[in-house]
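Below is one structure, written out as structure tokens; comments come after it.
The values are calculated or read from the model by the stated rules, or taken from the named source; none is laboratory data. Keep in mind the model is a prediction, meaning the values are calculated, not measured. Please note: Cβ atoms are built from the backbone with ideal geometry, for glycine as well, and neighbour counts cover all protein chains shown. Side chains are part of the model used for accessible areas, which takes the heavy atoms of the whole protein and leaves out ligands, DNA and RNA. Shrake-Rupley method; radii C 1.70, N 1.55, O 1.52, S 1.80 Å.
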Amino acid sequence: MLRPRIIVCLDVKDGRVVKGTRFRGLRDVGDPVELARRYEEEGADEIVFLDISASHEGRGTLLDTVQRTAEVLFIPLTVGGGVRNVGDMDALLRAGADKVSVNSGAVRYPGVLRDGAERFGSQCVVISIDAARDGDTWYHYTHGGRRRTELEAVAWAEACVAKGAGEVLLTSIDRDGVREGYDLALTRAVAEAVTVPVIASGGAGSPAHLRDGLTLGHAAAVLLAGILHDGLTTVAALKADLLEWGVPVRAVPGA
């Protein structure tokens with residue numbers, strides 16, 4: 001049985017990890033290499049590295065920073081930001097990424113997911129969906145949450161999986177940084193619509209939020225950042241609580 005994963009996100013801008021609320025008000029929280037190493041030691045199952053300004057600035061991901069981060073890790077590393085074609089994917093995988101996340105590029109360049117899956121395998125291709133609610137519908141946003149599309153988030157997830165995405169990284173813009181819990185209705189809707197793992201993101205503020213994302217939201221993994229960056233808890237402490245509730249996460253050796 002695949003165990004639920006606890007994934008730590010490093011949103012990177014200009015080579016530094018940043019964190020904000022609803023994708024705004026970004027503040028510096030540290031060096032990506034140092035933070036990646038620390039979170040692995042604490043028990044993180046994976047690290048997600050997102051260059052959040054690459055698409056907005058019309059450039060590729062910071063490969064040097066990716067390489068330095070990958071060099072200190074023994075757990076899987078997913079990298080995204082500015083990915084437009086299989087050449088960009090190839091560069092990131094060669095820099096040390098295990099998986100490549102695509103967001104804006106999947107909208108602008110419709111063949112990128114299929115091309116990536118055919119060349120590297122679906123297990124390497126992650127579709128990143130940043131969604132916000134408008135009435136009764138969630139819409140997908142691109143360019144670091146700056147541009148709304150007319151793509152309904154659940155249908156977009158289904159379309160991307162059909163094209164070859166092997167995982168969905170689903171972030172609720174409404175919940176991002178607010179620490180009131182994941183958008184369980186959004187997460188559950190996508191998880192029930194696709195046949196690949198869904199990562200719940202946006203809103204983690206307590207161990208109970210992680211539990212609910214994995215159980216009520218039907219997510220295969222939960223992603224978090226702010227409460228770790230601010231020193232409010234650790235991955236080991238979160239996993240200890242989840243294990244007490246019977247959620248079969250991987251235990252942290254020595255914790």
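Mind ordering 94-107, 142-155 by average Cβ neighbours within 10 Å, highest first? Write down the numbers at each step before the final one.
Details: 94-107: 22.6, 142-155: 17.4.
Descending mean neighbour count gives 94-107, 142-155.
All C-alpha to C-alpha distances of segment 16-148, sorted into 10 Å bins beginning at zero, yield P(r) values of 12, 42, 35, 10, 0 percent in whole numbers.
On the beta carbon distance between E180 and Q67, with R0 = 41 Å, the FRET formula returns roughly 0.70. Computed from point charges on the beta carbon alone (+1 for Lys and Arg, -1 for Asp and Glu), the dipole magnitude for the chain about its Cα centre is near 240 Debye.
Provide the packing ranking of 35-45, 124-134, i.e. peptides ordered by the mean count of other C-beta atoms within 10 Å per residue, highest first. Numbers along the way, then the final one.
Details: 35-45: 20.2, 124-134: 24.2.
Result, highest mean first: 124-134, 35-45.
Normalised by the number of residues in segment 144-201, the average gap of Cα pairs under 8 Å and 6 or more apart makes the relative contact order 43 percent. Estimated at 0.36 nm per residue, the fully extended path between R3 and A193 surpasses their Cα-Cα distance by 66.3 nm. Our summary gives segment 67-109 a relative contact order of 46 percent, counting only alpha carbon pairs under 8 angstrom and 6 or more residues apart. Here the extension length gained between L216 and D90 equals 41.7 nm, from 0.36 nm per residue of separation less the Cα-Cα distance. Label zone (T137, point 7 Å along Cα-to-C-beta; backbone nitrogen cut-off 18 Å) within segment 162-195: 173-174, 186-187, 189-190.
Placing a label point 7 Å from the Cα of R148 along the Cα-to-Cβ line, the residues of segment 101-139 whose backbone N sits under 15 Å from it are 130-139. Each helix, a run of at least 4 DSSP H residues, gives -39500 (n - 2.57); summed and divided by the residues of the chain, these come to -9500 deg cm²/dmol at 222 nm.
For the chain, the residue among I227, V83, S122 whose Cα projects farthest onto the positive side of the dipole built from Cβ charges is V83.
Calculate the dipole size of segment 51-136 relative to its Cα centre from +1 charges on Lys and Arg beta carbons and -1 charges on Asp and Glu beta carbons; express the result in debye to the nearest 20.
Working: 9 positive and 12 negative charges, 31 e Å.
Computed charge dipole of segment 51-136: roughly 140 debye.
On average, how much accessible surface per residue is there in the chain, in Å², for a 1.4 Å probe, leaving out ligands, DNA and RNA?
On the way: 10540 Å² over 255 residues.
Dividing the accessible area of the chain by its residue count gives 41 Å².
Identify, among H143, A185, Y39, the residue whose Cα sits farthest towards the positive end of the charge dipole of the chain, taking +1 on the Cβ of Lys and Arg and -1 on the Cβ of Asp and Glu, with the dipole about the Cα centre. It is H143, whose Cα lies furthest towards the positive end.
Given an 8 Å cut-off on Cα distances and at least 6 residues of separation, report the relative contact order of the chain as a percent. Each step should come with its number before you reach the end.
Values: 571 pairs, mean separation 45.9, N = 255.
About 18 percent, as a whole number.
Think of each Lys and Arg Cβ as +1 and each Asp and Glu Cβ as -1; about the Cα centre, that makes the dipole of segment 149-255 roughly 360 debye. Cα extents for the chain along the principal axes, largest to smallest and rounded to whole angstrom: 44, 42, 38.
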